[in-house]
1. Being open to solvent by 30 Å² or more (accessible area, probe 1.4 Å) and closer than 18 Å to TYR322 by Cβ is the filter here; which residues of region 147-175 pass it?
2. Name every residue in region 134-163 that is part of a helix (DSSP H, G or I) and of a type in the set (A, V, I, L, M, F, W, C), in order of residue number.
3. Looking at LYS145 and the list (1) among the basic types (Lys, Arg); (2) more than 13 Å from GLU78 (Cα to Cα); (3) modelled with pLDDT under 95, which single condition is not satisfied?
4. Across region 340-358, which residue is farthest from GLN138 (Cα to Cα) among those that are surrounded by 11 or more Cβ atoms within 10 Å (Cβ to Cβ) and charged (D, E, K, R)?
5. May I ask you to say which residue of ILE176, ILE166, ILE225, ILE197 is modelled with pLDDT under 90, closer than 23 Å to LEU333 by Cα and outside any loop (DSSP other than H, G, I, E, B)?
6. Considering region 1-30 alone, what residues qualify as being under 15 Å from the mean Cα position of the chain (by Cα) and within 16 Å of LEU131 (Cα to Cα)?
7. Looking only at residues in region 1-18 that are in contact (Cβ under 8 Å) with a residue 24 or more places away in the chain, in a helix (DSSP H, G or I) and over 14 Å from ARG137 (Cα atoms), which one is most open to solvent (accessible area, probe 1.4 Å)?
Amino acid sequence: MPDFTESDLTFMRRAMALALSATGLTSPNPLVGCVIVAQGEVVGSGFHPRAGEPHAEVFALREAGDRARDADLYVTLEPCNHQGRTPPCTKAIIKAGIRRVFIGTLDPNPEVAGRGADFLKAAGITVETGLLEEKCRQLNEFWNKFITTKRPFVTLKSAASLDGRIATRSGHSQWITNEKSRNYVHQLRAAHDAILIGIGTLLKDNPRLTARLPGEILRNPYRIIVDSMLRTPLDFKIFGSDGRDRVLLATRMHPEDKLAPYRKLVKDILILPSNDLGQLDLEELMKILAQRGISSVLIEGGSEINGSALDNRIIDKICFFYAPILVGGRGSLGMISGEGVNSIDQAVTITDISIRNFDDDICVEGYLSNRVDGNTSNLQS
């Protein structure tokens, strides 16, 4: 590992900040930021704004112009060396006369996977890899899983009292957490490609499941309803004005006359196999979603769908909010039901835990021990 300078770290952090400015907009592509530096001065910068548009390196090279010759280029993800929707970035870097390239992390995409860096080295460019590597890797934790497994990255979000209850014995749950926590949830919604909800929570809360943040929201996530018995009311808020474009209904096989009213409201109906209890196969659902280019899913369901997700081992990350209240009650709901495990030694381990406060609320984030990418850091610097 080379000895990076404080200036190197500063420029890569700037590239990371640029990449994050497109959060929620680039899927199914990764987030990438790039900075070009000549004699200690930033002469060009850019980020990848969305799939199909030029990559971060191209924007930075355009801004730098002739000043890119003999300059240093800092990029969060390895430049591509293959023809996709856009030309290879490696050739643009070579043509511009860049002297050194600093790469945060190599691209796990099998079509790249080190070949971009090797191509630059073969052209006589000095290439240094691993600059803020762990932070750059987590920047694209959605992409890393999606491109290597052809499955979306799944975050389970839940909100509970300190004694782990998500609703009282009467079913009342709004609002357990405070406004700052709820605003962070909207940030999570905007960052993910899709929000998944079970029929129980849908019937109880009648949510819109849109990302409501200050300023213009350029894209609302897909809303996925898991409803094996087709109990979803046709006039619920989730369909909204963009239902035909942004709502997917996951269910089991039903007669066409029962499905027909929903076909008018949703983008598509996904027919899934179910078990003896009528529960849908969520692993098969993740496979179908990935085939549609959905690289990340935020589960915002209740106890049953949370339990089904855990039993199906589709969860990569948890984001649990705890409010400073106690609910109690034999009939009150816990965060996760489902089949669960028989003994404590079978319990799923949560690793790389981070804790933050939203006023009096506590937010616990962590990764399930069976996640794919093995990332062990967070983005805070």
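1. LYS157, LEU162, ASP163, ARG165, THR168, HIS172, GLN174, TRP175
2. Those that are part of a helix (DSSP H, G or I) and of a type in the set (A, V, I, L, M, F, W, C): CYS136, LEU139, PHE142, TRP143, PHE146, ILE147.
3. Failed condition: (3).
4. This residue is ARG356.
5. Result: ILE166 is the single residue among ILE176, ILE166, ILE225, ILE197 that is modelled with pLDDT under 90, closer than 23 Å to LEU333 by Cα and outside any loop (DSSP other than H, G, I, E, B).
6. Listed by number, the list holds a single entry, ALA19.
7. By that ranking, first place goes to ARG14.
Here is a yes/no grid of residues against (1) modelled with pLDDT of 90 or more; (2) not aliphatic (A, V, I, L, M):
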position	(1), (2)
SER295	yes, yes
LEU298	yes, no
GLY307	yes, yes
LEU310	yes, no
ILE325	yes, no
GLY331	no, yes
GLY334	no, yes
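The values are calculated or read from the model by the stated rules, or taken from the named source; none is laboratory data. All values derive from a computational prediction rather than experimental measurement. Ideal geometry is used to build each Cβ from the backbone, glycine not excepted, and the neighbour counts take in all protein chains shown. To get the accessible areas, we keep the full protein, side chains included, count just its heavy atoms, and leave off ligands, DNA and RNA. Shrake-Rupley method; radii C 1.70, N 1.55, O 1.52, S 1.80 Å.
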